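The values are calculated or read from the model by the stated rules, or taken from the named source; none is laboratory data. Bear in mind that the values here come from a model prediction, so they are computed numbers and not experimental data. Every residue, glycine among them, receives a Cβ derived from its backbone with ideal geometry; neighbour counts consider all protein chains shown. Protein only, heavy atoms only, side chains kept; ligands, DNA and RNA dropped before computing areas. Shrake-Rupley method; radii C 1.70, N 1.55, O 1.52, S 1.80 Å.
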Amino acid sequence: MSVANAKHTVLDPVIPYTGPIPGGLHPGEIIIIQGTVPPEADRFQVDLSSGCSTKPRSDVALHFSPRFSDSPCVVCNSLLQEEWGKEETLHQLPYKRGAPFETIILVNKNGFKVAVNGTHLLEYKHRIPLTRVDTFSISGNVRVHAIGYIPNS
Ligand code: 9QG
């Protein structure tokens, strides 16, 4: 699977980036993010949201946040009516400061599956119906070369 398979790609976006997910998200679809972590990175985050409002802030179905300082981890959560839910923290970090990465978010009926550099990392059960998710954002300490949307066959 690569961005070459993508139906829609966004190249070298300025960070922070927010844009529509073409056609919304359906089971079997994949979002690929190719980027590089800057050498001094503290954290970055990918958000799959319901709209792009900032005030009030849109609900976030998947907040995926790799953190590099102190105890490296990946935190996932959802934002509902401007309140964060319970964090799901994985004390494992496949990203490296200064290194390129490829992250794949696979959309399933029951949740999101995330793989980094070809290895499964985590699964996050849906807390917000997929039908509400239409916006992709990436922000924080990250450089992004390409975002690709691969439809379900
Ligand atoms: O810290 O944790 C995820 O549970 C919060 C952070 C928040 C999220 C949240 O401040 O930060 O990571 O989108 C946000 O508001 C980001 C930048 C308990």
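When region 95-111 is limited to residues that are more than 14 Å from residue 34 (Cα to Cα) and not in a strand (DSSP E or B), the one that is least open to solvent (accessible area, probe 1.4 Å) turns out to be 108.
Among the numbered conditions (1) more than 16 Å from the ligand (Cβ to nearest atom); (2) in a loop (DSSP other than H, G, I, E, B); (3) under 19 Å from residue 12 (Cα atoms), the only one that residue 144 does not meet is (2). Looking only at residues in region 67-94 that are among the charged types (D, E, K, R) and at pLDDT 95 or above, the one that is nearest to residue 112 (Cα to Cα) is 88.
Annotation: residue 134 fulfils all but one of (1) touching a residue at least 40 places away in the same chain (Cβ under 8 Å); (2) over 21 Å from residue 23 (Cα atoms); the unmet one is (2). The set of residues in region 46-61 that are hydroxyl-bearing (Ser, Thr, Tyr) and away from the ligand (no atom under 13 Å from the Cβ) comprises 50, 53. Annotation: of all residues in region 1-42 being open to solvent by 40 Å² or more (accessible area, probe 1.4 Å) and among the charged types (D, E, K, R), the one that is farthest from residue 69 (Cα to Cα) is 7.
Of 75, 114, all but one fail to be in a strand (DSSP E or B), farther than 18 Å from residue 143 by Cβ and within 13 Å of the ligand (Cβ to nearest atom); the exception is 75. Scanning region 62-72 for residues that are of a type outside the set (S, T, N, Q) and within 12 Å of the ligand (Cβ to nearest atom) yields a count of 5.
When residue 43 is tested against (1) under 23 Å from residue 107 (Cα atoms); (2) within 9 Å of the ligand (Cβ to nearest atom), only condition (1) is not met. The requirement of being more than 9 Å from the ligand (Cβ to nearest atom), touching a residue at least 12 places away in the same chain (Cβ under 8 Å) and more than 18 Å from residue 37 (Cα to Cα) is satisfied by residue 82. Within region 112-138, being within 21 Å of residue 24 (Cβ to Cβ) and either open to solvent by less than 20 Å² (accessible area, probe 1.4 Å) or polar (S, T, N, Q) (or both) holds for 112, 114, 124, 128, 131, 133, 135, 136, 137, 138.
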